[in-house]
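The values are calculated or read from the model by the stated rules, or taken from the named source; none is laboratory data. For clarity, every value in this text was computed on a predicted model and none was experimentally measured. So basically every Cβ, Gly included, is an ideal-geometry build from the backbone, and we count neighbours across all protein chains shown.
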Amino acid sequence: MLAFKKYRLPNLAQFRRISTTTRFCSEEPVVHRDSTDNNAATPFEFTQANMTRLAAFINSYPEGAQRSVLGAALDIVQRQIGWVPISAMHKIAELLSIPRMRVYEFASFYTMYNSTIKPKLYKKSANITIVKKK
């Protein structure tokens with residue numbers, strides 16, 4: 001008959017403790033919910049100057065590669081009105097001839113795009129711990 005040796009578990013105090021921090025994540029909702037301020041019926045039109053800028057971006061890419069302009073287009077919208085409503089995403093998808101879902105994915109993945117209205121003096125603080133060296 002085989003005899004099994006008893007193995008002793010290592011003392012966990014010997015191992016170096018690894019400190020982990022909380023994950024950084026956006027305060028924006030992951031899923032769009034229609035509201036009075038943000039729905040498909042919210043009016044949005046590019047200004048003439050911004051439409052000219054967007055057309056220049058679109059024309060700088062070859063046919064079929066207009067999806068590359070998506071980040072610039074969302075940035076133009078956010079600079080124009082301060083946030084990116086769902087109606088602006090629909091307009092961008094129409095102008096770039098891409099599915100709306102691609103615009104939603106891009107805007108929700110990058111935390112720099114605000115999908116809700118922010119107050120004028122909005123400040124985001126980081127969760128950090130200050131450690132004093134001895």
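The set of residues from region 87-108 being crowded, with 20+ Cβ neighbours inside 10 Å and within 14 Å of the chain's Cα centre (by Cα) comprises Met89, Val103, Ala107. The set of residues in region 109-120 being over 11 Å from the mean Cα position of the chain (by Cα) and of a type outside the set (Lys, Arg) consists of Thr116, Ile117, Pro119. Looking at Ser68, Ser60, just one residue is out of contact with any His (no Cβ under 9 Å at 6 or more places or on another chain) and surrounded by 13 or more Cβ atoms within 10 Å (Cβ to Cβ), and that residue is Ser68. Do we have any residue at all in region 57-72 that's under 20 Å from the mean Cα position of the chain (by Cα), of a type in the set (Val, Ile, Thr) and modelled with pLDDT of 85 or more? Within region 57-72, one or more residues are under 20 Å from the mean Cα position of the chain (by Cα), of a type in the set (Val, Ile, Thr) and modelled with pLDDT of 85 or more. Within the option set Arg102, Arg17, Arg79, being modelled with pLDDT under 90 and either farther than 20 Å from Ser115 by Cα or assigned to a helix (DSSP H, G or I) (or both) holds for one residue only, Arg17.
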